[in-house]
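These notes are about the structure you will find just below.
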Amino acid sequence: MLIKFIGATKTVTGSMHYLIIKDKKILLDCGLYHGKRKDYYEINANFPYFQPAEIDYVILSHAHIDHCGNIPNLVKRGFEGKIICTSVTDDLCRVMLLDSGYIQEKDAEYVNKKHFKKGLPPVEPLYTQKDAEESLKLLYGIPYHKTFEIDEKIEITFYDAGHILGSAITQMKIKTNGKNLNLTYLGDLGRPKLPIIKDPELVETPDYLITEGTYGARFHQPPQEVKNILIEVLFNALKRNGKIIIPAFSFGRTQQLVLLFHEIFDEYFFSIPIFIDSPLSAKITEIYSKHAECFDEETSRYVQNGNPPFKFAQATYIESVEESKSLNDLNEPAIIISASGMCETGRILHHLANNIEDSRNTILIVGYNAPHTLGRKISEGQSPVKIFGDEYKVKAKVVVLDALSAHADQKEFLNYFSNFDKNKLRKIFLVHGDESELIEFERVLERENYKNISIPDKGDEFHL
Ligand SMILES: [Zn+2]
């Protein structure tokens with residue numbers, strides 16, 4: 001059996017790991033690299049290590065685009081096998097991949113306008129909504145804990161990774177040369193006590209472990225602190241008669257915030273209107289509502305009491321552009337949650353332009369912001385910042401909250417790993433993290449007596 005590391009090696013996006021087990025060729029995840037088009041278009045477009053048509057299965061850990069977003073391109077280039085994932089990820093991919101197809105089309109349109117002016121030839125989108133639609137036919141969702149047999153020698157079982165709704169730890173049991181091997185891929189490992197979803201589920205010690213290490217060298221604020229920080233932000237906004245503008249990813253962060261505000265309003269008997277201004281968020285929230293079986297105890301209680309967690313009097317989901325623009329005329333305290341999370345595109349831009357120069361308002365940064373994005377600039381306290389090409393002075397109060405991070409930090413990784421038998425664990429592969437972060441994570445794991453740790457490079461292969 002052979003494993004070749006193709007994506008998310010020494011970096012945090014583009015997850016893709018290639019397995020050859022006897023006559024079966026399998027991909028663990030098929031994600032997109034995020035970043036500047038000129039740096040990543042070719043890397044995303046081509047599959048230099050295999051022919052898409054020869055892949056039998058893709059096993060998806062979850063529906064984040066850096067883990068599933070290159071599937072439509074894989075299908076466009078000849079993949080006809082099955083895409084195995086949890087039933088929830090199956091539902092989520094139907095929204096996320098179509099949206100990604102739309103973004104790819106828009107991106108190509110934008111580039112082609114520039115190319116036309118310069119007399120350059122047009123570019124093709126990486127894939128289209130049509131390609132995305134084709135790929136959805138190959139999705140095959142299975143419930144957590146139900147074993148799926150690829151053949152009599154390879155079994156797969158999903159466990160809850162506690163990272164995002166539907167996220168899975170993939171346990172593969174493989175019979176090879178008379179031996180039984182357990183290869184476990186953690187995907188993105190979540191954290192205990194995150195809102196809505198269950199805590200990461202413990203699994204038996206594998207022989208080989210592939211783990212992410214996004215925050216293997218860092219520590220987050222505990223999730224339990226989120227509510228207090230939000231209450232303080234709310235009180236301050238009310239005192240100043242200001243608005244709270246929250247750039248947030250449509251998948252995950254938005255639903256967490258909506259539920260947290262719901263809880264705060266119920267507990268403290270005060271409220272202000274919340275506008276969730278993202279059509280994608282509304283679609284994803286519907287999928288959340290459909291999968292109450294994945295909720296933690298606290299969120300399940302809402303459902304049992306006949307109280308929908310994401311629908312309440314103060315919450316309004318905004319669909320049309322006109323309604324979105326009409327929020328510019330609001331002159332009273334309100335919360336506006338909108339995408340994109342890193343403030344690069346989308347409706348959040350006009351909310352920022354409209355509110356960032358008013359000192360009564362608060363900009364609440366709740367997620368990861370890649371270097372050079374507008375979200376990063378605002379969170380680092382830069383002023384002025386450019387929005388739609390114009391300069392804006394940042395007079396609004398900026399609050400940065402990292403307690404909602406969906407990735408385990410160093411302490412949480414070590415706690416999780418402490419359930420493993422170090423003598424049984426034969427090798428650990430560290431992926432999905434910046435190189436410096438992974439090197440530090442490796443050092444910490446070695447200090448804790450974990451052996452045989454490897455940080456693979458793109459294209460590195462190992463015989464297991
Ligand atoms: Zn993820």
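Readers should treat all values here as calculations from the given coordinates under stated rules, not as data from a laboratory. Remember, predicted model here, so these are calculated numbers, not experimental data. Backbone-built Cβ (ideal geometry, glycine too); neighbour counts: all protein chains shown.
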GluC sites (Glu not before Pro) in the stretch 170-274 lying in a DSSP loop, each with at most 16 other Cβ atoms within 10 Å of its Cβ, come to E201, E204
Using alpha carbon centroids, what distance separates the stretch 189-247 and the stretch 392-464, in Å?
-> 16 Å
When the dipole is taken about the Cα centre of the chain, and only Lys, Arg (+1) and Asp, Glu (-1) are charged at their Cβ, what size is it in debye, to the nearest 20?
-> 760 debye
What ranking of Y392, Y102 emerges when the number of other C-beta atoms within 10 Å of each C-beta is taken as an exposure proxy, fewest first?
-> Y102, Y392
Once the Cβ-Cβ distance between N112 and I43 is put in as r, and R0 is 25 Å, what FRET efficiency do you end up with, to the nearest 0.05?
-> 0.75
Grab the Cα-Cα distance for E293 and N177, subtract it from 0.36 nm times how many residues apart they are, and report the gain in nm with one decimal.
-> 37.9 nm
Ordered by fewest other Cβ atoms within 10 Å, a rough proxy for footprinting exposure, K118, K175 read K118, K175
Of all GluC sites (Glu not before Pro) in the stretch 95-165, which ones are in loop regions per DSSP and have a Cβ with at most 13 other Cβ atoms within 10 Å?
-> E152
Burial ordering of H372, H262, fewest other beta-carbon atoms within 10 Å first | H372, H262
Using the Karplus curve 6.51 cos²θ - 1.76 cosθ + 1.60 with θ = phi - 60°, work out ³J(HN,Hα) for each residue of the stretch 304-314 in order, rounded to whole Hz, and write x for Gly and Pro.
-> 4, 7, x, 10, x, x, 9, 10, 7, 3, 7
For the chain, the longest principal axis of the Cα atoms and the Cα long axis of helix 435-447 enclose an angle in degrees, to the nearest 10, of 60 degrees
For the stretch 53-119, what relative contact order do you get, as a whole percent, if you take Cα pairs closer than 8 Å and at least 6 residues apart?
-> 37 percent
So what's the back-of-envelope 222 nm ellipticity for the chain, counting only DSSP H runs of four-plus at -39500 (n - 2.57) apiece and dividing by all residues, rounded to 500?
-> -10000 deg cm²/dmol
Low-density loop GluC sites (Glu not before Pro), the stretch 341-439, at most 14 other Cβ within 10 Å, DSSP non-H/G/I/E/B, are E380
Centroid-to-centroid separation of the stretch 59-131 and the stretch 258-291 [C-alpha atoms, Å] = 28 Å
Full-stretch length increase - K239, D56 - with 0.36 nm per residue and alpha-carbon distance subtracted = 60.0 nm
At q = 0.07, 0.11 Å⁻¹, what base-10 log of I(q)/I(0) does the Debye formula yield for the chain when every alpha carbon is treated as an equal point scatterer in vacuo?
-> -0.36, -0.91
For I169, list long-range residues whose amide hydrogen, built 1.01 Å from N in the peptide plane, is under 5 Å from its own amide hydrogen.
-> Y159, D160, A161
Gain upon complete extension [H372, V321; 0.36 nm per residue less C-alpha separation] = 15.6 nm
K22/K130 FRET efficiency (R0 51 Å; Cβ-Cβ; nearest 0.05) = 0.90
